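Beneath this line is the structure, given in structure tokens, with notes to follow.
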Amino acid sequence: MQIDKSFHDEFASLTLKGEFDTFYCPALQQEVEDLIERGMSHLILDMSKVTFINSTAIGAIIKVHKRCRAENGELVIARPSNFVRDVMRKVGIDKLVSMFETDQEAQKSIIKRLNQRELAGEAPVDSEKVLIHFPDDIRNKMLGGRTALLGKMANADGYKVQFTWNGTKGGISSEMARQLFFKDGEVRLKFQVKMIKKSFFDIVGKVSATEAIDDGAVRVTVLITGITESDRAALTQFADDMAFLKRQLPS
């Protein structure tokens with residue numbers, strides 16, 4: 001069996017070709033692990049060119065489905081071949097893993113789930129995103145039941161973090177955003193810088209500045225007040241390295 005990959009903004013597609021039997025189960029699972037390591041937990045399996053599938057392979061698909069769910073992601077099947085469709089329906093897998101007759105329908109399903117989770121403040125954090133939590137009930141009530149916000153990282157070092165956030169999808173104006181991110185207001189931030197370490201940075205800080213930018217978004221600067229010494233050293237080294245590289249590159 002051959003596995004081809006294609007990438008989209010926040011999800012990936014795996015196209016399987018040939019006979020999917022016991023021998024190829026580890027290959028599929030390794031591909032999925034590699035994608036999850038890169039922050040891709042929303043996946044489409046295109047099975048239009050799968051001519052055979054056995055019970056072990058079906059078990060592998062269930063494991064992949066559970067693995068994606070464990071990372072707050074989703075697995076769907078697109079364009080199942082007649083053989084795959086019949087087997088899936090006979091064993092009831094279609095009730096566990098959604099199947100779509102076209103690639104466009106599968107993509108719409110993934111995008112819809114991503115949008116719903118972003119509005120709920122539950123989207124996965126990747127190298128460009130930051131998960132924002134507030135410690136007080138007042139600001140949490142302003143979020144209308146959401147437990148967190150999802151912002152976009154701008155830069156970070158060992159002493160401050162800067163990110164942007166746009167609340168227009170959730171009906172939050174830039175003025176209301178400035179109320180959420182008021183000066184000296186405490187926030188907890190979770191983000192990832194894969195060039196430093198695979199796990200997340202989890203820090204506490206106080207807002208030092210909030211400024212409105214285009215399209216209703218705000219840029220927030222947070223001074224770090226709670227961080228491990230090893231994480232502070234790692235972020236400081238990263239900032240120094242990036243500054244050095246910028247000086248060496250042509251303008």
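Quick look at the numbers
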item	result
Degrees separating the helix 82-91 axis from the principal Cα axis of the chain, which is the longest one	80
Cα gyration tensor, the stretch 57-96 - rounded (a/c under 1.5), prolate or oblate	prolate
Geometric extent, Cα atoms of the stretch 2-119 - Rg, Dmax (angstrom)	13.1, 41
Estimated D of the stretch 129-248 in µm² per second, where Rh is the Kirkwood radius over Cα pairs and Stokes-Einstein applies at 10 °C, 1.306 mPa s	107
Point-charge dipole on Cβ atoms (K/R +1, D/E -1) for the chain, about Cα centre, debye to 20	340
Rounded to 5, the percent of DSSP beta bridges in the stretch 2-119 classed as antiparallel	30
Segment Gln30-Asn54, length gained on full extension (0.36 nm per residue, minus Cα span)	6.8 nm
Calculated log₁₀ intensity ratio I(q)/I(0) where the Debye formula runs over C-alpha points of the stretch 1-65, q = 0.15, 0.21 Å⁻¹	-0.41, -0.81
Cα Rg over Rh - the chain, Kirkwood	1.06
Length released on extending from Lys206 to Ala70, taking residue separation times 0.36 nm less the Cα-Cα span	45.8 nm
Theoretical gain in end-to-end length, Arg89 to Lys108 [0.36 nm per residue, Cα-Cα removed]	4.6 nm
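We did not get these values from a lab; they are worked out from the coordinates using the rules stated. What you see is a predicted model, and the numbers here were worked out from it, not measured in a lab. Here the Cβ is made from the backbone with ideal geometry for all residues, glycine too, and neighbour counts use every protein chain on show.
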